1. In this structure, is Gly64 touching a Gly at 6+ places or on another chain (Cβ under 9 Å), under 18 Å from Phe20 (Cβ atoms), outside any helix (DSSP H, G or I) and not β-branched (Val, Ile, Thr)?
2. Scan segment 74-81 and tell me whether some residue there is farther than 27 Å from Asn125 by Cα, part of a strand (DSSP E or B) and without any contact (Cβ under 8 Å) to a residue 40 or more places away in the chain.
3. Suppose the filter is assigned to a loop (DSSP other than H, G, I, E, B), under 23 Å from Cys121 (Cα atoms) and either touching a residue at least 60 places away in the same chain (Cβ under 8 Å) or not acidic (Asp, Glu) (or both); does Gly94 pass it?
4. Could you go through segment 119-140 and let me know if any residue there is within 17 Å of Glu84 (Cβ to Cβ) and among the basic types (Lys, Arg).
5. Looking at segment 111-132 only, could you name the residues that are more than 17 Å from the chain's Cα centre (by Cα) and either at pLDDT below 95 or surrounded by 10 or more Cβ atoms within 10 Å (Cβ to Cβ) (or both)?
6. Any chance you could count how many residues in segment 106-156 are touching a residue at least 12 places away in the same chain (Cβ under 8 Å), more than 24 Å from Gly96 (Cα to Cα) and either part of a helix (DSSP H, G or I) or hydroxyl-bearing (Ser, Thr, Tyr) (or both)?
7. Going through segment 1-47 one residue at a time, which ones are among the aromatic types (Phe, Trp, Tyr) and in contact (Cβ under 8 Å) with a residue 40 or more places away in the chain?
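The values are calculated or read from the model by the stated rules, or taken from the named source; none is laboratory data. From a predicted model like this one, the values you see are computed outputs, not experimental measurements. Ideal geometry is used to build each Cβ from the backbone, glycine not excepted, and the neighbour counts take in all protein chains shown.
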Amino acid sequence: MKEVTFRFAERKDCKLILDFIKKLASYEKMSDEVVANESLLEEWIFDKKKAEVIFAVVDGKEVGFALFFHNFSTFLGRAGIYLEDLFVLEEYRGNGYGKALLKKLAQITRERGCGRLEWCCLDWNTPSVDFYLALGAERMDDWTTFRLSGDTLTNF
């Protein structure tokens, strides 16, 4: 693995963030669900500060990204970090950059005094599931994710 550094996204990175989101959506076979655009990302990440992005950088090139935000655990009585998206460009996979991004997020979690780092993974994504389990991540089999969105959210 070549040396990897990390940097937090800046406002000027909205196009790059969107590019990573679209590549992730393509990998997950969900490209038709992406409605995000640069303006929305700028508003929600940089104006409203509802999420953060870090990039893994190798030889001056952003090769991976992680988008995350704070959540809260009533049981722990403190915030945690929720990883919404983690993605490494295909040509850089298998070199430890995904693991490096997760380690960086774990470091941020500890530095901020948060109680945990958590995320979801699609059940069919066996390579990622195996990767997370190999890191020592705990599968939360007793929990099911629910969602209200779109017209259902509006009508509710």
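1. yes
2. yes
3. yes
4. No - not one qualifying residue is present in segment 119-140.
5. Arg112, Gly115, Trp124, Thr126, Asp130
6. Selection size over segment 106-156: 1.
7. Across segment 1-47, the qualifying residues are Phe6, Phe8, Phe20, Tyr27.
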